[in-house]
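S.K.: Sharing a structure with you now.
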Amino acid sequence: MYKFPKDSKLNDQEFIFGVATASYQIEGATNVDDRCPSIWDTFCAKPGAVYKQHNGDVACLHYHLYQQDVNLIANLGMDAYRLSIAWPRIIKPDGSINQKGLDFYDRVISALEEKNLTIMVTLYHWDLPQYLDDDGGWLNRETAYKFAEYAEVFSAYFGDRIDFYATLNEPWCSAFHGYRDGKHAPGIADDRSAFQACHNLLLAHGLAMPILRKNAPNSKHGIVFNFTPNYPANDSAKDVTSFADDEHTHWFIKPIMDGEYPKTVYQHYIDVMPVIGDDDMGIISTGIDFLGVNYYTRSVIDRDGPYPNYKQVNLSDVERTHIGWEVYQDGLLKLLTDLNQAYKLPPVYITENGAAADDHLVDGAIDDEQRYRYYQKHLSSVDKAIRKGVDVRGYFAWSFMDNFEWSEGYKMRFGIVYVDYKTQKRIPKRSALMFKEFLNSRQ
Ligand code: IFM
């Protein structure tokens with residue numbers, strides 16, 4: 001079982017532990033109850049875009065198996081569940097509301113309430129309705145306003161039944177994988193598009209915030225970022241490492257906290273900077289009640305020509321997970337303490353942290369040894385960050401169960417619960433059982 005020093009906040013009942021998932025990755029049932037296609041349905045159909053052309057058509061069939069999944073989450077002793085809402089289930093192409101989509105989430109949320117689980121909802125975890133992409137997707141400023149309308153519909157319906165509303169999950173991925181390197185839907189590789197998409201995403205967040213506050217005044221509202229702290233490969237790489245942090249970390253959080261983009265990056269990429277409306281930065285920096293932090297690994301950076309050009313260095317002799325990411329728990333501590341120094345942070349929740357492993361079922365069990373070591377190490381970093389004054393209030397493991405890992409398809413397993421995709425059987429892995437033991441032992 002996971003262990004922390006006796007006086008650790010992680011041992012308190014007040015610190016919430018949960019598991020996280022996302023709609024397209026687990027729900028399946030893409031053709032039922034008037035769900036309309038998303039950009040991921042389209043992207044998966046493109047030859048070569050996704051490993052073995054896997055897609056989310058069936059995934060974990062959570063759309064039908066949600067009750068047993070909720071039961072299992074509760075049975076593991078979790079306090080909370082973080083799920084995302086499929087926008088294509090809620091708003092139809094003609095702008096009307098799809099009651100069947102709201103009904104599905106009503107069933108899930110009622111099941112969670114029955115188990116007294118704290119509920120964190122992410123409104124956008126990458127499954128943009130295809131009909132919006134047909135009109136330009138995140139390159140079209142209008143999409144930000146459409147997001148605000150969707151946020152209005154969802155939050156007016158569910159209000160305070162949701163404890164935490166996160167507007168966006170990882171806008172870095174939506175903008176930089178979606179529009180800069182083309183690894184994610186909609187598969188565009190163009191710097192100008194990436195920066196414009198990023199700005200429109202942040203605008204969408206800012207426009208939604210007052211709506212969420214109005215419709216759910218007793219809930220907490222915020223945003224979730226993925227941060228990968230950069231480390232210099234050598235002394236001469238310190239300045240470009242700090243530039244890399246500006247480009248990948250501060251480019252996203254600084255507009256939210258300070259209402260401006262980092263000048264270093266703005267000046268360097270001046271030719272491809274986004275169109276920014278007069279009031280946009282004020283809207284984006286409206287204030288958040290919590291910050292969601294997703295952490296998996298770090299990046300090591302070296303110079304690559306004149307400042308600020310840099311490249312990522314792949315260290316040998318380090319431990320890596322199945323997806324190739326270095327196991328580096330100190331990165332989480334540094335990230336949290338650096339952010340805490342740079343900004344006046346609201347309460348922080350680790351909204352994702354976890355490891356991909358090549359799990360195999362042996363005699364009915366999965367001994368995911370690397371994963372449970374990963375959790376112990378990263379939770380210990382959270383403990384240290386709290387001791388250094390960072391106000392971390394909760395931790396969500398990514399993921400509750402194995403699921404569709406985007407361009408890696410079903411090859412990468414991130415779950416603490418194993419999914420046998422042939423039978424849809426769920427089997428808690430050893431990492432899940434260690435959580436259960438620890439959660440049950442809390443005072
Ligand atoms: O599976 C993803 C998730 O959807 C967003 N954060 C990172 C996870 C692992 O890649």
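S.K.: Does Glu369 satisfy the condition of being touching a residue at least 40 places away in the same chain (Cβ under 8 Å), away from the ligand (no atom under 16 Å from the Cβ) and under 13 Å from Ala355 (Cα atoms)?
M.R.: yes
S.K.: Checking the structure you have, find out if any residue of segment 417-431 is modelled with pLDDT of 95 or more, touching a helix residue (DSSP H, G or I) at 6+ places or on another chain (Cβ under 9 Å), among the hydrophobic types (A, V, I, L, M, F, W, C) and part of a loop (DSSP other than H, G, I, E, B).
M.R.: no
S.K.: Let me ask something else about it. Only one of these is crowded, with 24+ Cβ neighbours inside 10 Å and under 19 Å from the mean Cα position of the chain (by Cα): His177, His184, His199. Name it.
M.R.: The conditions single out His199.
S.K.: Could you check, for segment 403-418, whether at least one of its residues is surrounded by fewer than 23 Cβ atoms within 10 Å (Cβ to Cβ) and without any contact (Cβ under 8 Å) to a residue 60 or more places away in the chain?
M.R.: Yes, there is a match, as at least one residue in segment 403-418 is surrounded by fewer than 23 Cβ atoms within 10 Å (Cβ to Cβ) and without any contact (Cβ under 8 Å) to a residue 60 or more places away in the chain.
S.K.: Looking at the structure I just gave you, is Lys146 in a helix (DSSP H, G or I) and either away from the ligand (no atom under 16 Å from the Cβ) or over 30 Å from Leu72 (Cα atoms) (or both)?
M.R.: Judged against the criteria, Lys146 is a match.
S.K.: In segment 169-207, what residues are part of a helix (DSSP H, G or I) and within 16 Å of the ligand (Cβ to nearest atom)?
M.R.: The answer is Pro171, Trp172, Cys173, Ser174, Ala175, Phe176, His177, Gly178, Leu201.
S.K.: Just name the residue that is nearest to Met120 (Cα to Cα) out of those in segment 308-364 that are of a type in the set (A, V, I, L, M) and within 16 Å of the ligand (Cβ to nearest atom).
M.R.: Selected residue: Ile350.
S.K.: Could you tell me which residue of segment 309-336 is nearest to the chain's Cα centre (by Cα), considering only residues that are under 21 Å from Asp359 (Cβ atoms) and in contact (Cβ under 8 Å) with a residue 60 or more places away in the chain?
M.R.: Among those residues, the one meeting the criterion is Ile323.
S.K.: Can you name the residue in segment 239-287 that is of a type in the set (D, E, K, R) and over 26 Å from Ser299 (Cα atoms) and is also surrounded by the most Cβ atoms within 10 Å (Cβ to Cβ) among such residues?
M.R.: Asp280
The values are calculated or read from the model by the stated rules, or taken from the named source; none is laboratory data. Keep in mind that this is a model prediction, so the values were computed, not measured. Cβ atoms come from the backbone with ideal geometry, glycine included; neighbour counts cover every protein chain shown.
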